[in-house]
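Visitor: Got a structure for you, questions after.
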């Protein structure tokens, strides 16, 4: 058994030894989000190049529901606030209220998905399916992949809330929160691209 | 080099208010002033501001070691490189030695002299 | 260049010059580097009682040696590029104003060449009227050009990516469905040369053989007269090419 | 923090190991199996190329479609399932914790998960051979519209009915492999940055760690657009959207850019770890420090950044704007500068040494020499005008085999033969090692020098039988292809020598001490093989990684961990 364990005790729980001053869990999340920026970047760049080359897509874009996009944006921004409050609770070692705040964030995330679902069904029934034109293919692909990241975020936050309720692994609250903020930052660019640049 | 930067809830609520405010501005601008290119540029610049606020406050990048900014800036820079260098070839309707649909170039037409 | 490049029968002779120049430059650097590797390996074999020297390449002079070698290599590379750019511009960018028009249509596993001649459009292709498909050498569709005048080809594809490649003329250009690409060449030496599809296009990519037939100007006129009269330009299928058993 | 402190049971040790060394071993063995698969695929299409009319023994008749799928899968397997797992994952897992003095990776469970995702991707790829319609056969670059809306024989339209599972499973397997290496890479970088022992700054790390981490970072930052492209491709194939389908308004060139934006950094991701291993092995057997450690590190970082602006030299003739080709030719020349620095640093590391030609040293020196051939032929292809002739012909095939084969196999064999005593606690047989090295070098050159010459003669790629072209149907071309095929058979046979040596020495080779080569990096401070938890005391690092023949020191090596 090695005398030098990798572990080091900090305010919110046991984290690995850290030469860079950033706990390993948060450092890993930064690298993961760096890769995610490229995934969404590749997708959005393809879409932007398509929009700039196809003026006719602007007519297609008229049918996107800006109001619903706006409401979803507000929901996500509010959910960010609760995640930050959960992080503050975790720092005060108050696992129970951190879990409560996380569950509010999860509820808001589910609300986002439900609204998105209505929006999809409304659009599909209006004939704006994925086959209609390449713009709609991009619309469904971008919002679909963003939506799947919201689902992953919801699952992660729920798991973190379960352990946080018992007061364990509180540093996870912050790492999951960072992931959630990133997913919201993606929506900050998806919203203007799909709903405002018409 | 803060392992655990202290979260300031008052500032968090203020950040939230700023983000929601700017989002409402872009929404209303789009709603009432149409969707022209001026509105779009305004909205996109608001978006960049929102990114910076959210990154520095919620992701507390303002207290995080600098190389995390470096990581994010370089990943966004590489996305921009992909956009700039492949924009000229992709989706365009014509180039120096090619043209796209029948409208742009008649099969076997006289080539444009260069 | 070991004399193995096929004879260049077009006007892009400088390409061969460029390739040989690159080989000479690059060959010199290769020999120098190999001499260093083999030389150092033999010179500094472990000999009893002789200790290694502590050269960590961290002093200015040592690093200077390394960067000096690399700077020299880069200077040679830029010399290559100085010769390269004008060639690239003339071949790919400056499409001549007048010349024989040829339409190249690539589709999954055959070529259709449409020649715009005085007597109208003459199309040569591999499928015969019965639609049967042949792959043997004499069945390959032929692209007829003449010496002395530039040929301007426009490339189209019906389905997937193909690539228009004639080794003898040093011509390569990919064909992208949905786009029409233009290029040019000028043949110098009459004869029949290979034409191939250089971009993978499915199961029959290996059967997409074609031939470039370079005529002398009067021979070309005889060909046009023979083909032009019988096949008016309106008829979509031009010369009937003898066919073999279906593949 | 997950790594259980009791002695692990059999399943924990071998079936679901948490220990980074066993996970590295799993990657190594999976990669060796996939190398056999890749080698068999090469055997099939080389036999077809040499004797086009005869059926291939063990396989029977090979038509255009089967030939294309063999070529496609050979490329895919060799790059994603042999080169990356061996160089990055197997040796990354084994070396990183040992070389930085940590007891395990920062996230052992994530490390295990990334291997399991990798194993799943390998199983899916193998399964894609046996689905109806055969495996993917539109080239490993998977250009649309051939791979996105038209089936290889152009008869069955893809999206309305004939779903063609070989290609779909190919995309799924590659996407899973990307996920596995994204997670693995993050684990490597976090471990290297955070868990270094006391005294080990970034410039006290061995060169292998620099190279593996830069490779992981470049991979993580370049794989994104291709993941987006793969998702668009999958929806084109299965849902019938028109991203890349010109008939529905799509654009095939978009995928080419997304692919090669990833493709070019990928070849450096495969190459850098091999150069790192050479840079750590040469000082040990030349008994002198590596030449220009800091200069090479800075130039490698410069290379990592540059590799993102170079990609379109794969597309000079593929219809990009000719003015862009002039730009990419210049950036391709600029990127040859860091390679010049790295290669000449490796060569100059031999100067003034006292060289012992052990098997790892032979692999390292010959690896550098062989890579040199690949590097110099890159100038023919990186120069846009000369690429006109060479585009998609066997000169290109020989070029990239002279860069990928030395990186993958010479690099891997150098690393395996060098770290075998540490990893398995036993020595490989020196005689078999030298025999394997000599035969591999002879046969490798025997395959690809003839291919260079056939490429100069103009032989185009991915064509299974050259009967239809008079210029290609000559006896000279035929003989060159036959020589290449015979040498390939020789190469495959030689690898049996290696497998025999590897497994026999693993079972019953002579025991190895902790530091058999008197080396200086931290992994030699642990026992051979290192127990669970690696080191029995806290290590402190006092000096750089390659301190050999320090003037005034008693021994000709001064290890990092001794005062």
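Laboratory data are not the source of any read-out in this text; all were calculated from the coordinates shown. If you're wondering where the values come from, they're calculated on a predicted model, not measured in any experiment. Here the Cβ positions follow ideal geometry from the backbone for every residue, glycine too, while neighbour counts run over all protein chains shown.
Visitor: Residue C:47 label point, 7 Å along Cα→Cβ, cut-off 13 Å on backbone N: hits in segment D:326-366?
Guide: Correct set: D:352-355.
Visitor: Continuing with this model, one more query. Per the Kirkwood treatment, what hydrodynamic radius in Å, one decimal, follows for the protein assembly as shown from the mean inverse distance over all distinct Cα pairs?
Guide: In the protein assembly as shown this quantity evaluates to 31.4 Å.
Visitor: Using only the alpha-carbon atoms, how far is helix D:165-194 inclined from the longest principal axis of chain D? Give it as 0 to 90 degrees, nearest 10.
Guide: Rounded to the nearest ten degrees, it is 20.
Visitor: On to the next question. Please report, for the Cα atoms of segment D:142-300, the Rg to one decimal and the Dmax as a whole number; what are they, in angstrom?
Guide: So, for segment D:142-300, Rg and Dmax equal 20.9, 66 Å respectively.
Visitor: Oh, and also: Using helices alone, what [θ] at 222 nm do you get for the protein assembly as shown, with -39,500 (n - 2.57) per DSSP H run of 4 or more residues, divided over all residues and rounded to the nearest 500?
Guide: Result for the protein assembly as shown, helices only: -19500 deg cm²/dmol.
Visitor: For residue C:150 and residue B:96, what does the FRET efficiency come to when R0 = 22 Å and r is the distance between their Cβ atoms, rounded to the nearest 0.05?
Guide: The pair residue C:150/residue B:96 has a calculated efficiency of 0.80.
Visitor: Testing the spin-label approximation: label points 7 Å from Cα along Cα→Cβ at residue A:65 and residue A:159. State their distance in nm.
Guide: 3.3 nm
Visitor: Can you give me the convex hull volume of the Cα atoms of segment D:1-91, divided per residue and expressed in Å³?
Guide: Normalising the Cα hull of segment D:1-91 by residue number yields 110 Å³.
Visitor: Order of C:101-107, C:72-78, D:274-280 by packing, highest average Cβ count within 10 Å first?
Guide: The most tightly packed comes first, giving D:274-280, C:101-107, C:72-78.
Visitor: Specify the inter-centroid distance of segment D:88-152 and segment A:51-86, based on alpha-carbon positions, in whole Å.
Guide: If you average the Cα positions of each part, the centres end up 35 Å apart.
Visitor: Moving on to the next point. Could you compute how fast segment C:13-93 diffuses translationally, taking Rh as the Kirkwood radius over C-alpha pairs and applying Stokes-Einstein at 20 °C with viscosity 1.002 mPa s? Give it in µm² per second.
Guide: It diffuses with D of about 135 µm²/s by this estimate.
Visitor: Please report, in whole Å, how far the alpha carbons of segment B:1-59 spread along each principal axis, starting with the longest.
Guide: 46, 20, 8
Visitor: Right, here's the next one. In peptide C:81-88, how many Cβ atoms from other protein chains are near each Cβ within 10 Å, on average?
Guide: 6
Visitor: Taking the Cβ-Cβ separation of residue D:53 and residue B:38 as r and a Förster radius of 51 Å, what is the calculated FRET efficiency to the nearest 0.05?
Guide: 0.15
Visitor: Measure out, as a whole number of angstrom, how far apart the alpha-carbon centroids of segment D:172-227 and segment C:184-229 sit.
Guide: Using only Cα atoms, the two centres lie 52 Å from each other.
Visitor: Also, quick follow-up: List the pair-distance distribution P(r) of segment D:419-529, using every Cα-Cα distance, as the percent of pairs falling in each 10 Å bin from 0 up to the bin containing the longest distance, rounded to whole percents.
Guide: In whole percents, the pair-distance histogram is 13, 28, 21, 16, 14, 7, 1.
Visitor: Report the semi-axes of the equivalent ellipsoid for chain D in whole Å, largest first, where each axis is √(5λ) for an eigenvalue λ of the Cα gyration tensor.
Guide: 39, 26, 24
Visitor: Between residue D:445 and residue D:29, what length in nm is gained on full extension when 0.36 nm per residue of separation is reduced by their alpha carbon distance?
Guide: Gain on extension, residue D:445 to residue D:29, equals 147.1 nm.
Visitor: Further question: So how do C:27-37, D:219-229 stack up, highest first, on mean other-Cβ count within 10 Å?
Guide: Listed from highest to lowest mean packing, they are D:219-229, C:27-37.
Visitor: For helix D:322-348, report the angle its Cα long axis makes with the longest principal axis of the Cα atoms of chain D; keep it between 0 and 90° and round to the nearest 10°.
Guide: For helix D:322-348, the angle is close to 30 degrees.
Visitor: Additional query: Between residue B:69 and residue D:327, what is the label-point separation in nm under the 7 Å Cα-to-beta-carbon projection?
Guide: Inter-label distance under the simple model: 2.8 nm.
Visitor: Only residues of segment C:77-110 count here: report those whose backbone N is under 20 Å from the spot 7 Å along Cα→Cβ of residue C:192, or say none.
Guide: Only C:110 pass the distance filter.
Visitor: Once each part is reduced to its C-alpha centroid, what is the distance from segment B:1-47 to segment D:281-331 in angstrom?
Guide: Result: 40 Å between the Cα centres.
Visitor: Taking each residue in D:181-192, count the Cβ atoms of any other chain within 10 Å of its Cβ, then average. What number comes out?
Guide: So the per-residue partner count for this stretch is 4.
Visitor: Moving on to the next point. Quote the Stokes-Einstein diffusion coefficient, in whole µm² s⁻¹, for segment C:100-230, based on the Kirkwood radius over alpha carbon pairs, a temperature of 4 °C and a viscosity of 1.567 mPa s.
Guide: Approximately 88 µm²/s, per Stokes-Einstein.
Visitor: Could I ask something else about it? Which order do the peptides A:88-94, D:184-190 take when ranked by the mean count of other beta-carbon atoms within 10 Å per residue, highest first?
Guide: Going by the mean number of other Cβ atoms within 10 Å, highest first, we get D:184-190, A:88-94.
Visitor: If you rank D:105, C:79, D:233 by fewest surrounding Cβ atoms within 10 Å, what's the result?
Guide: With the fewest neighbours first, D:105, C:79, D:233 line up as C:79, D:233, D:105.
Visitor: Can I ask one more? On a 0 to 90 degree scale, rounded to 10, what angle separates helix A:66-91 from the longest Cα axis of chain A?
Guide: Computed tilt is about 0 degrees.
Visitor: Where the Cα atoms of segment A:22-196 are projected onto their three principal axes, how long is each span, largest first, in whole Å?
Guide: Principal-axis extents of the Cα atoms in segment A:22-196, largest first: 55, 30, 21 Å.
Visitor: Follow-up question, since we're still on this one. Provide a whole-number value for the mean count of partner chain Cβ atoms within 10 Å of the Cβ atoms in peptide D:388-395.
Guide: Per residue, the average neighbour count from other chains is 6.
Visitor: With r defined as the distance between the Cβ atoms of residue D:294 and residue A:52 and R0 fixed at 51 Å, what FRET efficiency is calculated, to the nearest 0.05?
Guide: 0.70
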